[in-house]
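Working notes for the structure below.
The values are calculated or read from the model by the stated rules, or taken from the named source; none is laboratory data. Small disclaimer: the values here were computed from a predicted structure and weren't measured. Here the Cβ positions follow ideal geometry from the backbone for every residue, glycine too, while neighbour counts run over all protein chains shown.
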Amino acid sequence: MDDESETVILEGAFVKRGGTAEIEVDDVAALCFERGRKAVETWTEIHYDMFDDDDPDLFPETSNVGLHRLGGGELLQNDTCNQATLFKRLLAERIKSECAKCYPAWDTYSDAKRDEIARTHAGQCWNHLRCIWFGGASKAVGAVVKDDLADDLSNFSSYERMSTDIMNLVRAVYKEFHGEGDYAKGKGRKAFGPWVERKHPDALHFGESRASGPGVRGLRPYLYE
């Protein structure tokens, strides 16, 4: 890399029509890659109309923009619902078919070489997975505790909001200790954060996040030293 260049990592999002996994695969191909290829083609044409003596290799080949670029080991990751799982499988199949179109000698390749060119990995979102696992476990534990402590729980009024739901405890910990300060009574920003900096200045702190909603996916009050 020369002094006039810098690495830029782009992150984008687009709205799909939804409905079925098949429609979503079509939308990814059209909205992301086909539209992207057309944008590069138009941009290139306009640029060289304006600067006809510019570097001919300034823009990438538009043939390099396509689903086939996801072959060769890319990770396809989403949540764990049935439609999302089917989407990953169908997208992997579409990627392989696009690879077959982009490699003129595809029919002469061995099965192993084809698999390597079109290879993708299917990943699951860890936040969703642990929410499912922890959610199921907390419901089961809460039911047992509620049964074991039925006599004691009857001494509390509904006004006191006593519960055996572990999620309520998780949310309480999040509100008390997280550092974003969106809960007025929490001590995360005013007390807990400064305490961590003072008592554990060299610790790697994984803060609390994403635990205030109905799905608890991000409570991580860990200190590593």
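Residue-by-condition table, conditions (1) assigned by TED's automatic domain parsing to the domain that holds ILE166; (2) under 28 Å from THR20 (Cβ atoms):
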| site | (1), (2) |
| --- | --- |
| PRO60 | no, no |
| LYS88 | no, yes |
| PRO104 | no, no |
| ALA137 | yes, no |
- Sort out which residues of the range 61-73 are in contact (Cβ under 8 Å) with a residue 12 or more places away in the chain, assigned to a loop (DSSP other than H, G, I, E, B) and not aliphatic (A, V, I, L, M), and write them in order of number. GLY66, GLY71, GLY72, GLY73
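Within the range 122-167, how many residues turn out to be of a type in the set (S, T, N, Q), loosely packed, with under 13 Cβ neighbours inside 10 Å and in a loop (DSSP other than H, G, I, E, B)? I'd like the intermediate steps shown before the answer.
Here is the first cut: in the range 122-167, the ones of a type in the set (S, T, N, Q) are 124, 127, 138, 154-155, 157-158, 163-164.
Now drop any that are not loosely packed, with under 13 Cβ neighbours inside 10 Å, which leaves 154-155, 157-158.
Subsequent filtering for residues that are in a loop (DSSP other than H, G, I, E, B) retains 154-155, 157.
Matching residues across the range 122-167 total 3.
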- Scan the range 193-225 residue by residue and report those that are at pLDDT below 80 and over 30 Å from ALA143 (Cα atoms). GLY193, ALA203, LEU204, HIS205, PHE206, LEU223, TYR224, GLU225
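Given the structure, is LEU76 out of contact with any His (no Cβ under 6 Å at 6 or more places or on another chain), surrounded by fewer than 14 Cβ atoms within 10 Å (Cβ to Cβ) and in contact (Cβ under 8 Å) with a residue 24 or more places away in the chain? Before the answer, list the steps.
Working: out of contact with any His (no Cβ under 6 Å at 6 or more places or on another chain): yes; surrounded by fewer than 14 Cβ atoms within 10 Å (Cβ to Cβ): no; in contact (Cβ under 8 Å) with a residue 24 or more places away in the chain: yes.
Considered against the rule, which asks whether it is out of contact with any His (no Cβ under 6 Å at 6 or more places or on another chain), surrounded by fewer than 14 Cβ atoms within 10 Å (Cβ to Cβ) and in contact (Cβ under 8 Å) with a residue 24 or more places away in the chain, LEU76 comes out as no.
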- Task: Please work out which one of (1) surrounded by 11 or more Cβ atoms within 10 Å (Cβ to Cβ); (2) part of a loop (DSSP other than H, G, I, E, B) is the condition THR44 fails and give its number.
- Result: (2)
- Query: Which residue, of LEU31, LEU58, is free of Cβ contacts under 8 Å to residues at least 24 places away in the same chain and in contact with a Lys or Arg (Cβ under 8 Å, 6 or more places away or on another chain)?
  - Reply: LEU31
- Item | Single condition ASP53 does not satisfy, out of (1) under 20 Å from the mean Cα position of the chain (by Cα); (2) assigned by TED's automatic domain parsing to the domain that holds ILE117; (3) in a loop (DSSP other than H, G, I, E, B) | (1)
- Task: Kindly indicate which of ASP148, ASP165, ASP79, ASP111 is assigned by TED's automatic domain parsing to the domain that holds HIS68 and over 25 Å from ALA30 (Cα atoms).
- Result: ASP111
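Please verify whether VAL196 is in contact (Cβ under 8 Å) with a residue 24 or more places away in the chain, outside the structural domain of ALA100 (by TED's automatic domain parsing), β-branched (Val, Ile, Thr) and surrounded by 13 or more Cβ atoms within 10 Å (Cβ to Cβ), treating the condition exactly as stated. Working first, answer last.
Details: in contact (Cβ under 8 Å) with a residue 24 or more places away in the chain: yes; outside the structural domain of ALA100 (by TED's automatic domain parsing): yes; β-branched (Val, Ile, Thr): yes; surrounded by 13 or more Cβ atoms within 10 Å (Cβ to Cβ): yes.
Answer is yes for this residue.
Can you find a residue in the range 24-33 that is more than 29 Å from the chain's Cα centre (by Cα) and part of a helix (DSSP H, G or I)?
Of all residues in the range 24-33, those more than 29 Å from the chain's Cα centre (by Cα) come to none.
Within the range 24-33 (the criterion being more than 29 Å from the chain's Cα centre (by Cα) and part of a helix (DSSP H, G or I)), the answer is no, since none of the residues qualifies.
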